[in-house]
Amino acid sequence: MGFHTQPIMKLKSLIQTLLISLFLASSTGSFAQRSADIIPFIPFNNESHQNFPLITIKVIAHVVQRNSTYPENFKNNDTDRKIIRDLINHCNRTYSQLTVPSIKIASNPKSIVDSRIRFRLDDIIFHVDSSGWDRNKFMIVNGGKWPYAIDSISKENKELFFFNLNAYRGFNQSDSLIVSTTNGPVVLHKKDLQKSGKTTVVTVKEAIDELEPINATYFRRVDYNCTSDNWKKLTDSDDRHLHLFFTGASSKRIQFGCAPSPYFLNVSNYVYGGQWAGNQLTAHEIGHTLGLGHTNYPQFKDLPRKDKFCSGCPCNDTTISNNIMGYNGCRNYLSPLQIGSMYKNYSTKEKRIRITTACDYDPDQTSFITSSQKWNRERAIQGDLIIKKKQTLEINQNLYLANGASIYLEKKSKLIINNCIVSNACGSEWKGTVLCRKFKRKRIRSPRFNKGTIEFIAEGRFEKVIE
Ligand SMILES: [Zn+2]
């Protein structure tokens, strides 16, 4: 099943077709179902900004330095602050100047240039915190009484012998290494582990001809790339912004990142990977935080069945896509369903609406209803809603208004709340409806005659409104 970029009428009949085919074949699977749910939220190129306003996500950047002498991260100066601002600008450019897909899909929909999602950098906060900085490190393995004495070695077989049965348990971990001391610490990596009576034998990967061993302490690589500790500790679990953490790692120097939550993402070692790669990585991680998965297996039906992951490789028209959510050297495309799913997340989910500007009332973002219309898609809007004289607005899906926003009904206008809720997603209240002759911000005059009307149908109602 494909879909098109033609105006709303066609789209509606298509949605109906999709829905009907779903009922007929309930085994169609989650792809089709998700497509039908997402299609109304796709901001096709010909859609107006009134109908599909920008969704602006409020970002706070955190630079976590290793220590004040050697930050191993951005410094608190104008140059580095500008790099961070440029990075957010780059993300805005990426999400508003998308290109066409390198791999064409059968029934490929028209590409979307502007996802209508933006990022606003509200603050850059510097922290000095060595454990918050270190997202990938080696730690002594729990259990065991480290260090264990090394009793003998076999240089030929690269074996270390521990006459201690308990050592076996401590060593019995993968992804680990030994730091042994002779004249100084030496890092060795475990290749094999055997138990022979009371003796534990560790075979290592490295040559140990020169080693005069004394004892060994067993370390394990610990990965904090995707953990929430910095978000909890440094922001007190703030769920009103997207927190972008710039961190580092004592165990590796390549750039890496993770975005496990709508509220935070981690970008490690930005300063060691170069600006271009760091910008690409950040745009990709932001895609995750907005709800997108990787493209090696398609999350949506308008993505290639297979997309080979190859870091930094040029994209092509057969095996490696240019999708932002793939691993490729292009990363400048998002599919309509990818974009629609993001737009839907920030139009329907309160916890996501809360991190956008849709919660911050702005009279400059007023929506004017100048012709009668139906709103068949959930939305979150930032300003007042004005229904002009004699016009009807039928709201058929939940509407979220900003804190303190109002709905104005001019003379003879009509508001219909059809089986849905007009509410506030921000933990506050909207201001309610105002009947007026003609909307004027400074002086609202109530009409004596021909008042506007509000009609509630079925379960339609107002919630979280100032009485
Ligand atoms: Zn990823």
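Below is a table of values for the structure above.
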item: Orientation-averaged projected area, Cα convex hull of the chain (nm²); result: 29.7
item: Cα-centre dipole for region 274-344 with unit charges at Cβ (Lys and Arg positive, Asp and Glu negative), debye to 20; result: 160
item: Only Lys, Arg (+1) and Asp, Glu (-1) charged, at Cβ; the chain dipole about Cα centre in debye; result: 2320
item: Net charge contributed by nearby residues that have their C-beta within less than 10 Å of LYS158 (K/R +1, D/E -1); result: -2
item: Alpha carbon centroid spacing (whole Å) that separates region 26-99 from region 204-254; result: 26
item: Long pairs among LYS58/LYS344; LYS414/LYS442; LYS232/LYS431; LYS58/LYS390, criterion Cα-Cα beyond 27 Å; result: LYS232/LYS431; LYS58/LYS390
item: Relative contact order [Cα under 8 Å, 6+ residues apart], the chain, whole percent; result: 13
item: Gyration tensor verdict on region 360-462 (Cα atoms; rounded if a/c is under 1.5, prolate if a/b is larger than b/c, oblate otherwise); result: oblate
item: Full-stretch length increase - HIS49, ARG93 - with 0.36 nm per residue and alpha-carbon distance subtracted; result: 14.1 nm
item: At R0 = 35 Å, FRET efficiency that the Cβ-Cβ distance of ILE140 and LYS75 yields, to 0.05; result: 0.65
item: Rounded to whole Hz, the Karplus (6.51, -1.76, 1.60) HN-Hα couplings of region 331-348, x for glycine and proline; result: 6, 9, 9, 9, 7, x, 6, 4, 5, x, 5, 5, 4, 5, 3, 8, 10, 10
item: Cα pair distances of region 137-223 binned at 10 Å [whole percent]; result: 19, 59, 22, 1
item: Long-range HN-HN contacts of ILE454 with modeled amide H, under 5 Å; result: LEU415
item: Simple label model, 7 Å out from Cα along Cβ direction - LYS195 to VAL434, nm; result: 7.8
item: Between helix 78-96 and the chain: long-axis angle, C-alpha atoms, 0 to 90°, nearest 10; result: 60
item: Dipole of the chain [Lys/Arg +1, Asp/Glu -1 at C-beta], most positive-end residue of VAL187, GLN299, ALA402; result: ALA402
item: Farthest positive-ward along the chain dipole, Cα basis, beta-carbon charges - from GLY132, ILE153, PRO101; result: PRO101
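Throughout, read-outs are computed from the coordinates displayed, never taken from laboratory work. Nothing here was measured: the structure is a model prediction, and the numbers come from that model. As a convention, Cβ positions derive from the backbone with ideal geometry for all residues, glycine included, and neighbour counts pool all protein chains shown.
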